[in-house]
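A.B. asks: Okay, handing you the structure first.
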Amino acid sequence: MSPKSYAFLHGEFVPLEEAKVGIDTHALHYGTGVFEGIRGNWNKDKETLYVFRLREHYERMAQGCRMLMLDIPYSTDDLCDITVELIARCGYKEDIYIRPLAYKSARHVANLKLNELASDFCLMTIPFGNYLDTDALRCCTSTWRRPDDRSIPPRFKFTGVYINSILAKTEAALAGFDEAILLNSDDNVSEGAGENLFMVVNGKLYTPPLGDSVLPGITRSAVMELAREEFGLEVAEAHISRTELYTADECFLTGTAAHLTPMVELDNRKIADGKIGPISKALREMYFKVAVGNNPKYLHWCTPVTSEPDSA
Ligand code: PMP
C-alpha cells in the first residue's frame, strides 16, 4: 500500500490503514449497505484523471439509500466533492477504481429494523487496471438465477445482493470460464455477474429491459447513447432467451470494471465465428475514447481531477 492511500471515514480523510470499523457493525453481518464502483481513467497526454459519470453513480447510490433507509448526511454534490478531494489527495497518475459505500453503521447486531439503525458513508480508491483477463470472453450460463424484485431488488448495488454474483462468478471461474451469464427467474437472460449484456442481430443492438432483474448500468446507458448518437444504430430493450445468445451475430458485456468486453463464446459454443465482431469493436473504441476524456462532445461525462501539489 502506498503512503498516499487515503480513505474517507466518519466524516474525515484518514490514511487507508487507519480506516477501520468495529466487528459489531450492522452492515458487516447483514449486507446492509449500498455501494458504487466508479472508474477514474488516467489521460497521459492531458496529465489528468477523468472520473467517468461521477454524478450518475451517486444518483444511483442515493436511490439505493432510500430503499434501504440509509440516511447519510451528504448530498450528491457533497459526495462528488468528497470524491474529487480524496483522489486529489492520493495523487494517482494511473487508472483507479473508486469505491463509495453507504452502510448501516449501527453497532448493533440484533436488530433487523432498518428505521432504527444509524447510517454512515465511507470511500476509498485503489489503482485498478483490467478487471477481466481477456478482451474476448468465454462465458457459461450460470446455474444461479438473478434475484428479482420479489426477493431482493437487483436494481440497486446492495452489498448483500453480491453473494449472488460471487456464487456465479466463482462457479464460472472454477469451471474454466471467464464470466457467468445469469438468467432471471423467468428464464430470460439477465446480465453477467458484474456486467450488463448486449447482443447484435442484423445490425441492431438488443439488451434486456431493467425488469428482467438487471442493474441499471451506467456503462449500459452510455453505450446505448453512443450506439444511437455516434453510429446511428437501433437499440432495443427486449427479453432475450438463452438460445438467442447462441445464434446472435455479436455479444458483449458492459460495466465500470469490465468496460465494454466482447463475449465470443457461450457454453462452449462460438458466437458467430468466435471472433470480436465489428460493431463491438467500433463501440469499444468509441467508449474508451470517451471515458478517457478524449472526445469533447462527451466531456460532460468526465470529471477532471488534478493531484494536489504535495500529494505525489
Ligand atoms: N450488473 C451488475 C450485477 C454489476 O455489478 C455491474 C457493475 N456495477 C453492472 C451490471 C454494470 O453497471 P455499471 O455499468 O454501472 O458499472
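The values are calculated or read from the model by the stated rules, or taken from the named source; none is laboratory data. Please read all numbers here as calculations on a predicted model, not as lab measurements. Methodologically, a virtual Cβ is constructed for each residue, glycine included, from the backbone with ideal geometry; neighbour enumeration extends over all protein chains shown. Please note that ligands, DNA and RNA were not included when accessible areas were found on the heavy atoms of the full protein model with its side chains. Shrake-Rupley method; radii C 1.70, N 1.55, O 1.52, S 1.80 Å.
A.B. asks: Could you grab me the full set of residues in the stretch 145-195 that are within 12 Å of the ligand (Cβ to nearest atom), part of a strand (DSSP E or B) and not acidic (Asp, Glu)?
C.D. replies: Answer for the stretch 145-195, where residues must be within 12 Å of the ligand (Cβ to nearest atom), part of a strand (DSSP E or B) and not acidic (Asp, Glu): 158, 180, 181, 182, 190, 192.
A.B. asks: Go through 279, 271 for me and flag whichever is within 15 Å of residue 226 (Cβ to Cβ) and of a type in the set (Val, Ile, Thr).
C.D. replies: Exactly one residue qualifies, and that residue is 279.
A.B. asks: Moving on to the next point. Exactly one condition in (1) surrounded by fewer than 18 Cβ atoms within 10 Å (Cβ to Cβ); (2) touching a Phe, Trp or Tyr at 6+ places or on another chain (Cβ under 8 Å) is false for residue 118; which is it?
C.D. replies: With (1) surrounded by fewer than 18 Cβ atoms within 10 Å (Cβ to Cβ); (2) touching a Phe, Trp or Tyr at 6+ places or on another chain (Cβ under 8 Å) applied to residue 118, the lone miss is (2).
A.B. asks: Same structure again: Just one of (1) acidic (Asp, Glu); (2) within 26 Å of residue 179 (Cα to Cα); (3) not in a loop (DSSP other than H, G, I, E, B) trips up residue 94, so point out which.
C.D. replies: The one condition residue 94 does not meet is (3).
A.B. asks: Would you call residue 101 within 16 Å of the ligand (Cβ to nearest atom), of a type in the set (A, V, I, L, M, F, W, C) and open to solvent by 10 Å² or more (accessible area, probe 1.4 Å)?
C.D. replies: When the stated conditions are applied, residue 101 passes them.
A.B. asks: With respect to the numbered conditions (1) among the basic types (Lys, Arg); (2) under 22 Å from residue 103 (Cβ atoms); (3) open to solvent by 10 Å² or more (accessible area, probe 1.4 Å), which one is the sole condition not fulfilled by residue 39?
C.D. replies: Going through the list (1) among the basic types (Lys, Arg); (2) under 22 Å from residue 103 (Cβ atoms); (3) open to solvent by 10 Å² or more (accessible area, probe 1.4 Å), residue 39 breaks only (3).
A.B. asks: With respect to the numbered conditions (1) within 29 Å of residue 48 (Cβ to Cβ); (2) within 16 Å of the ligand (Cβ to nearest atom); (3) part of a loop (DSSP other than H, G, I, E, B), which one is the sole condition not fulfilled by residue 294?
C.D. replies: (2)
A.B. asks: Same structure again: Do you know which residues across the stretch 64-109 are in contact with a strand residue (DSSP E or B) (Cβ under 7 Å, 6 or more places away or on another chain), under 17 Å from residue 120 (Cα atoms) and basic (Lys, Arg)?
C.D. replies: Across the stretch 64-109, the qualifying residues are 99, 104.
A.B. asks: Condition first: open to solvent by less than 30 Å² (accessible area, probe 1.4 Å) and within 13 Å of the ligand (Cβ to nearest atom). Now tell me which residues in the stretch 132-144 satisfy that.
C.D. replies: 132, 142
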